[in-house]
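Enquirer: The structure follows.
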Amino acid sequence: MTDVFAPSPRPAHRLIPSQFPPIGLFDTVATAADLSAVMELVGWTNDRLVAERINRLPQSEWVYGAPNSSIVMAAFLHVAPGGMRFNGPELGAWYAADDIRTAAAEVGHHLRREAVARNAATMSRTYRAYTATLLGDYLDIKGQQLTRPDVYASERYEASQKLSEDIRTAGGAGLLYDSLRRRTGINVVAHRPRNILDIVQTDHFEITVQATARMIDVRQLSK
């Protein structure tokens, strides 16, 4: 199979839980040396895993000195245990979607899984929406669910993490892939912080799910 590469959707949409405030730690720092000092001062490097991750990320990939730099760096340094579909636990990535409805379907799926794990009938959470421009050419595996069933496996991430981390190691930008949560939806995962530009916070949403139903209720909150 010949690899195909394509640009990311523009803009790319991302939802972040509002419980994680947009701390501007990286936004006003002028140099990488200043950034290391500020991180230590505010205690980010007290977290052993965060300290290890920023050391895995080349300084040439650090983003700072621009609005919303902290949002980008947090995506790479604060990682779910075990990683996610297209990143392992060593470094995070920037996940986004072609449409805010696709982004809502993705976070709603994970919120429902959390409700099941907590034995809760329903769960609600508020999110901040961001748009961004993602530079680079992304490995395009859209339409390959039959030829890459291990990569698209619903609950197993071994193959997808290996594919994506091989791309990261080789210097690639990331991947484009079909959403498993919204038909016709497209997702993108970016592995290069410096490729994430023009980040703008847009709307706030409340998303509600039921543990035993697929319906996702999305309510835009007043600004």
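Enquirer: Using the basic label-point model (7 angstrom from Cα toward the beta carbon), what is the Gln144 to Ala121 distance in nanometres?
Expert: Inter-label distance under the simple model: 4.4 nm.
Enquirer: Related question: What are the DSSP H helices in the chain that stretch 18 Å or more along their long axis, judged by alpha-carbon atoms, and whose average Kyte-Doolittle hydropathy comes to at least -0.5?
Expert: 100-117
Enquirer: Return the long-range amide H neighbours of Phe26 (sequence gap of 5 or more, or a different chain), with a cut-off of under 5 Å between placed amide H atoms.
Expert: Ser70
Enquirer: Under a GNM of the chain (C-alpha, springs under 10 Å), which listed residue has the highest mean-square fluctuation: Asn87, Asn195, Asn187?
Expert: Asn195
Any read-out appearing in this document is the output of simple, stated calculations on the displayed coordinates, not a laboratory observation. Keep in mind that this is a model prediction, so the values were computed, not measured. We place every Cβ from the backbone using ideal geometry, glycine too, and count neighbours over all the protein chains shown.
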